[in-house]
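In what follows, a single structure is set out as structure tokens and then discussed.
The values are calculated or read from the model by the stated rules, or taken from the named source; none is laboratory data. All figures in this text were calculated on a predicted structure; none of them were measured in a lab. Heads up, the Cβs are rebuilt from the backbone with ideal geometry, glycines too, and the neighbour counts pull from every protein chain shown.
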Amino acid sequence: MKVNDTSKIIPLWLLIFLQAGISASSLIVEIVAGRMIAPYVGMSLYTWTSIIAVVLAGFSVGHWWGGKIASLPTQRALRVTGWTMIAAACTTAGATLLLRAFAGPVVEAFTHPLAAITTLSVLAFFLPSLFAGVPAPILTVVAMRDRDRSEQALGAMFASGAVGAIVGTLLAGFLFVPWIGSVKTLLVITMVYAIAAVLCFRLGKAVLRGTVVAVLGIGVAVGIGAWALSLPSVCDRESSYYCIRTVSLSDNPDDPVHLMVVDHLAHGISAR
């Protein structure tokens with residue numbers, strides 16, 4: 001194991017806080033993914049199976065990559081972690097834009113719904129999960145370096161990741177999506193990832209040039225999120241249960257006919 005190259009050991013509570021926060025954010029994105037894909041392909045067993053598989057695949061690749069980065073000296077590893085957090089912020093903020101751009105062509109290109117659902121899940125949510133999965137092994141290795149009770153630090157980091165995942169799942173389903181909607185929730189996660197990037201750069205003692213570039217990267221992520229937020233909502237109303245839309249089926253203003261669509265399914269028609 002590499003020797004810690006910082007002047008003092010990084011407080012364990014700070015690493016635990018980072019681990020829990022990133023883990024919670026990544027699970028919030030996973031829950032929000034189901035809501036965001038539903039207006040295009042519906043909500044079904046296929047939808048959740050595809051989303052969970054894609055997100056876990058992203059985490060797996062991210063953990064593998066993070067393990068390679070963790071072999072670097074501590075400060076350099078933390079700086080690289082900061083860059084992955086900027087990448088996580090940008091790809092999370094851009095998920096909404098990717099869905100809007102590719103949902104139509106993907107649904108038209110694939111006749112089988114499972115292929116369309118899986119493709120959309122990969123396009124929008126694989127990269128955010130990959131980049132969010134990178135920090136876990138790095139922060140865990142850093143937490144274990146130069147500590148008398150490294151085994152306890154290892155357990156604490158694993159536990160914080162699990163607790164963060166639980167808290168993130170509950171926050172997504174019971175707080176964020178019902179209160180502020182899916183797009184704004186992704187913007188909140190974008191900001192959390194940006195804050196995590198700043199902390200990693202500070203712990204990694206980034207030089208001035210690296211700090212300036214990092215600030216620009218965070219600005220790009222926030223700009224993408226603001227762009228996504230400025231677009232008109234896919235839903236007329238995003239309730240605690242569904243994305244509800246009204247579609248006009250008549251061109252005659254004197255004889256209006258409206259179709260109510262819940263997620264991707266027609267649930268009622270209103271006509272005079």
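Does Val29 qualify as being β-branched (Val, Ile, Thr) and within 22 Å of Val220 (Cβ to Cβ)? Please lay out each step first, then the result.
On the way: β-branched (Val, Ile, Thr): yes; within 22 Å of Val220 (Cβ to Cβ): yes.
So Val29 fits the description; yes.
Return a yes/no flag: does the range 34-55 have any residue that is at pLDDT 95 or above, of a type in the set (A, V, I, L, M, F, W, C), under 14 Å from the mean Cα position of the chain (by Cα) and within 16 Å of Phe201 (Cα to Cα).
no
Does at least one position in the range 142-153 carry a residue that is farther than 20 Å from Thr185 by Cα, part of a helix (DSSP H, G or I) and touching a Phe, Trp or Tyr at 6+ places or on another chain (Cβ under 8 Å)?
no
Before we move on, is Ala172 of a type outside the set (Phe, Trp, Tyr), farther than 26 Å from Ala53 by Cα and assigned to a helix (DSSP H, G or I)?
Numbers: of a type outside the set (Phe, Trp, Tyr): yes; farther than 26 Å from Ala53 by Cα: no; assigned to a helix (DSSP H, G or I): yes.
No: the conditions fail for Ala172.
Across the range 175-185, what is the total count of residues that are more than 13 Å from Ser25 (Cβ to Cβ), in contact (Cβ under 8 Å) with a residue 40 or more places away in the chain and in a helix (DSSP H, G or I)?
Our first condition is that a residue be more than 13 Å from Ser25 (Cβ to Cβ); within the range 175-185, this holds for 175, 177-184.
When the remaining residues are screened for being in contact (Cβ under 8 Å) with a residue 40 or more places away in the chain, the result is 177-178, 181-184.
Those still in the list that are in a helix (DSSP H, G or I) too: 177-178, 182-184.
Number satisfying all stated conditions: 5.
Please find, among Cys200, Cys243, the residue that is crowded, with 21+ Cβ neighbours inside 10 Å, over 22 Å from Glu30 (Cα atoms) and among the hydrophobic types (A, V, I, L, M, F, W, C).
Cys200
Among the candidates Pro135, Pro73, single out the residue that is under 24 Å from Thr211 (Cα atoms), modelled with pLDDT of 95 or more and of a type outside the set (Gly, Ala, Ser). Spell out how you get there, then give the answer.
Details: Pro73 fails: modelled with pLDDT of 95 or more.
Just a single option satisfies the conditions, and that option is Pro135.
Check the range 132-139 and report whether any residue there is touching a residue at least 24 places away in the same chain (Cβ under 8 Å), touching a helix residue (DSSP H, G or I) at 6+ places or on another chain (Cβ under 6 Å), closer than 30 Å to Trp13 by Cα and outside any helix (DSSP H, G or I).
yes
Given the criteria farther than 17 Å from Trp65 by Cα, touching a helix residue (DSSP H, G or I) at 6+ places or on another chain (Cβ under 7 Å) and surrounded by 21 or more Cβ atoms within 10 Å (Cβ to Cβ), does Gly164 qualify? Give the steps one after another, and end with the answer.
Working: farther than 17 Å from Trp65 by Cα: yes; touching a helix residue (DSSP H, G or I) at 6+ places or on another chain (Cβ under 7 Å): yes; surrounded by 21 or more Cβ atoms within 10 Å (Cβ to Cβ): yes.
Yes: the conditions hold for Gly164.
Any idea how many residues of the range 59-106 are under 20 Å from Val183 (Cβ atoms) and over 15 Å from the mean Cα position of the chain (by Cα)?
6
Tell me, which helices (runs of 4 or more DSSP H) wholly within the range 1-118 include 1 or more residues that are surrounded by fewer than 17 Cβ atoms within 10 Å (Cβ to Cβ) and acidic (Asp, Glu)?
On the way: elements: 12-41, 45-69, 74-109.
Filter on the range 1-118 gives 74-109.
Considering only residues of the range 140-157 that are without any contact (Cβ under 8 Å) to a residue 60 or more places away in the chain and surrounded by 13 or more Cβ atoms within 10 Å (Cβ to Cβ), which is farthest from Asp236 (Cα to Cα)?
Let us first name the residues in the range 140-157 that are without any contact (Cβ under 8 Å) to a residue 60 or more places away in the chain, namely 148-152, 154-155.
Cutting the leftovers down to surrounded by 13 or more Cβ atoms within 10 Å (Cβ to Cβ) gives us 150, 152, 154.
Working: Ser150: 52, Gln152: 50, Leu154: 47 Å.
Looking at the filtered set, the residue picked out is Ser150.
Determine whether Ala266 is of a type outside the set (Ser, Thr, Tyr), farther than 30 Å from Ile9 by Cα and assigned to a helix (DSSP H, G or I).
On the way: of a type outside the set (Ser, Thr, Tyr): yes; farther than 30 Å from Ile9 by Cα: yes; assigned to a helix (DSSP H, G or I): no.
No, not satisfied.
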